Amino acid sequence: MRAVARAHPNIALIKYWGKRDEALVLPMTGSLSLTLDIFPTTTSVELDALASADIVELGGETARGTAAERVTAFLDIVRRLAGSSVHARVSSRNTAPTGAGLASSAAGFAALAVAASAAYGLDLDGPALSRLARRGSGSAARSIVPGLAIWHEGDDEHSYAEPVPGPDLGMVIATLDARPKTVSSRVAMRASIDTSPFFPGWVDSTRRDLAEMLQALAAGDIERVGALTESNALRMHGVMAAARPPIRYLSPQSVRVFDLVSELRSAGLAAYATADAGPNVAVLAPAADLAAVRDALASEVPAAQLSVAHAGPGARLVGATEAAS
Ligand code: 2P0
């Protein structure tokens, strides 16, 4: 069987930073994100009864080392669920600019979860797909879901993402530095748990932020949604700044964008900044204001590559699943 799936990246408004269980990828807290409509990843999975190992191709090149091992470990989970020992050919293509900090592992493992489960004949509903995607990369659990998504903390059975209603929000992604990061988020999360004295405070305050965010979204209170988004991101960066040795992903240019976004607010635009495990900044705004935010940033930070994103679709099969020829 062969199946092809497509998924989009997501950016968290309330961040996932720290695992309670590394093997099952269970988060310390819930998180909440917006799946975007730009930079999709398309992945095909084809079963090959004659192959003696999985064959993994990423961006047209044969994957080796950790990247290939993560895909094979993920397929092992799918095979266990399907009661199969057949290997697969996986081919995945990512459209985000390399190193854009656009959670390509989220889109990648969400697309792989949908394609692999279909190819192996599993019939999984949304929560089951999200639980499966989570095993590949935590944030992938959220890219299964369209638009606003909450990923619940909890045990293996209950830790999945599901849609959350809310206002029509989008993001302007400011890519400031496309070089790959030197510390992976997986390693940085572990260092934060092990050495940052602020980590317990992060867990408590993020749980409160998440509850408050759900109320603000339900009320359509964009100012509250934005203020929580910006504050939660800076708290995450504060937690890792307090690790030993310290971890800092934000660059002087990132900080400059946070300042510019604050100036945009003074000028009357509802714009709020967030940043993940890298120097690039995502600016949250009502969908109707995204073009104005992009134009304002374009004149102030001409070196940044700016991409406008609206709420995007959840991971899904593209075309019919078919018997391999
Ligand atoms: C997030 N990040 O909520 C946070 C904010 C980065 C900063 O989820 O170890 O690639 O594969 O579960 O999902 C990035 O972490 O980590 C991430 P793993 P993942 O979007």
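Things worth noting here:
- Residue identified as over 19 Å from Thr29 (Cβ atoms), under 16 Å from the mean Cα position of the chain (by Cα) and within 11 Å of the ligand (Cβ to nearest atom) among Gly136, Gly147: Gly136
- Ile150 vs. criteria surrounded by 17 or more Cβ atoms within 10 Å (Cβ to Cβ) and closer than 24 Å to Thr66 by Cα: no
- Pairing each residue of segment 20-39 that is closer than 12 Å to Met189 by Cβ with any residue that is hydrophobic (A, V, I, L, M, F, W, C) and in a loop (DSSP other than H, G, I, E, B), provided the two are 6+ apart or on different chains, yields C-beta distances under 7 Å for Arg20/Met28.
- Residue that is surrounded by the fewest Cβ atoms within 10 Å (Cβ to Cβ) [pool: residues in segment 275-296 that are acidic (Asp, Glu) and farther than 17 Å from Leu250 by Cα]: Asp295
- Strands (runs of 3 or more DSSP E) contained in segment 1-60 and holding at least 1 residues within 11 Å of the ligand (Cβ to nearest atom), in contact with an Asp or Glu (Cβ under 6 Å, 6 or more places away or on another chain) and farther than 16 Å from Ala107 by Cβ: 10-14
- Total residues in segment 230-267, condition within 14 Å of the ligand (Cβ to nearest atom) and charged (D, E, K, R): 3
- Residue in segment 254-272 that is outside any helix (DSSP H, G or I) and of a type outside the set (Gly, Ala, Ser) present: yes
- Residue in segment 303-323 that is at pLDDT 95 or above and in a helix (DSSP H, G or I) present: no
- Subset of segment 297-317 (residues that are surrounded by fewer than 20 Cβ atoms within 10 Å (Cβ to Cβ) and more than 25 Å from Ser143 (Cα to Cα)): Ala298, Ser299, Glu300, Val301, Pro302, Ala303
- Verdict on Tyr249 being outside the structural domain of Ala107 (by TED's automatic domain parsing), in contact (Cβ under 8 Å) with a residue 24 or more places away in the chain, out of contact with any Phe, Trp or Tyr (no Cβ under 7 Å at 6 or more places or on another chain) and more than 22 Å from Lys181 (Cβ to Cβ): no
- Among the candidates Asp123, Asp156, Asp76, residue that is among the charged types (D, E, K, R), more than 30 Å from Thr182 (Cβ to Cβ) and free of Cβ contacts under 8 Å to residues at least 60 places away in the same chain: Asp123
- Residues that are over 23 Å from Ser137 (Cα atoms) and either under 22 Å from the mean Cα position of the chain (by Cα) or small (Gly, Ala, Ser) (or both) within segment 205-223 comprise Ser205, Arg208, Ala211, Glu212, Met213, Leu214, Ala216, Leu217, Ala218, Ala219, Gly220, Ile222, listed in sequence order.
- Index of the failed condition, Arg89 passing every other in (1) under 18 Å from Ser139 (Cβ atoms); (2) more than 16 Å from the ligand (Cβ to nearest atom): (1)
- Scanning segment 187-203 for residues that are more than 22 Å from the chain's Cα centre (by Cα) and assigned to a helix (DSSP H, G or I) yields Asp194, Thr195, Pro200, Gly201.
The values are calculated or read from the model by the stated rules, or taken from the named source; none is laboratory data. This one's a predicted model, so the numbers in the text were calculated from it and none came from an experiment. As a convention, Cβ positions derive from the backbone with ideal geometry for all residues, glycine included, and neighbour counts pool all protein chains shown.
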